[in-house]
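Worksheet: one structure, shown below.
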Amino acid sequence: MEDCGVPLSKALEMLRPRGEKAFVVYLRQIIDEVTACLVDASVAGILHRDISDSNTTVKADAGRVSARIIDWGYAKDTN
């Protein structure tokens, strides 16, 4: 199984001590990736319906963070 990272709330706790400026940069990366994922799903006609911090995972890699939305069990096909 692929390592998807840690839940969003835990990731934010781990990233906060790195300083306010770095935290804002990481937070922006997370928001951009989650938003892009939701837009892609919407364009494909899929509605997640259960977005939460526990369904959003974050992984840090070489100074960059990446976010994923997981648990699409309540997703609805809107097509």
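The values are calculated or read from the model by the stated rules, or taken from the named source; none is laboratory data. Bear in mind that the values here come from a model prediction, so they are computed numbers and not experimental data. Methodologically, a virtual Cβ is constructed for each residue, glycine included, from the backbone with ideal geometry; neighbour enumeration extends over all protein chains shown. Only protein heavy atoms, including side chains, enter the accessible area calculation; ligands, DNA and RNA are left aside. Shrake-Rupley method; radii C 1.70, N 1.55, O 1.52, S 1.80 Å.
For the reader, a short list of remarks on this structure follows.
- Rounded to the nearest 20 debye, dipole of the chain from Cβ charges on Lys, Arg, Asp, Glu: 280 debye
- For the chain, the residue among TYR26, ILE69, LEU38 whose Cα projects farthest onto the positive side of the dipole built from Cβ charges is TYR26.
- In degrees, nearest ten, helix 20-43 long axis to first principal axis of the chain (Cα): 10 degrees
- Between ALA44, ALA22, ALA62, the GNM of the chain built on Cα springs shorter than 10 angstrom shows ALA62 fluctuating the most.
- With the simple spin-label model, which puts each label point 7 Å out from Cα in the Cβ direction, the MET14 to ILE31 separation comes to 2.2 nm.
- Sequentially through the range 47-54, phi angles give Karplus couplings (6.51, -1.76, 1.60; θ = phi - 60°) of 10, 5, 6, 8, 6, 7, 5, 6 Hz, Gly and Pro residues having no value and appearing as x.
- With a cut-off of 14 Å between beta carbons, the residues surrounding VAL34 carry a summed charge of -3, where Lys and Arg count +1 and Asp and Glu -1.
- Accessible area per residue in Å² at 1.4 Å probe, computed on the chain: 70 Å²
- All Cα pairs of the chain, percent lying beyond 17 Å: 46 percent
- Neighbour net charge for ARG49 - beta-carbon separation under 13 angstrom, K R +1, D E -1: -2
- Taking the accessible area of the chain, probe 1.4 Å, and keeping the other protein chains in place, the carbon and sulfur fraction comes to 56%.
- Most mobile of ARG68, ARG18, ARG28 in a GNM of the chain (Cα contacts under 10 Å): ARG18
- If you take all other residues with their beta carbon under 11 Å from the beta carbon of SER66, and give Lys and Arg +1 and Asp and Glu -1, the sum is 0.
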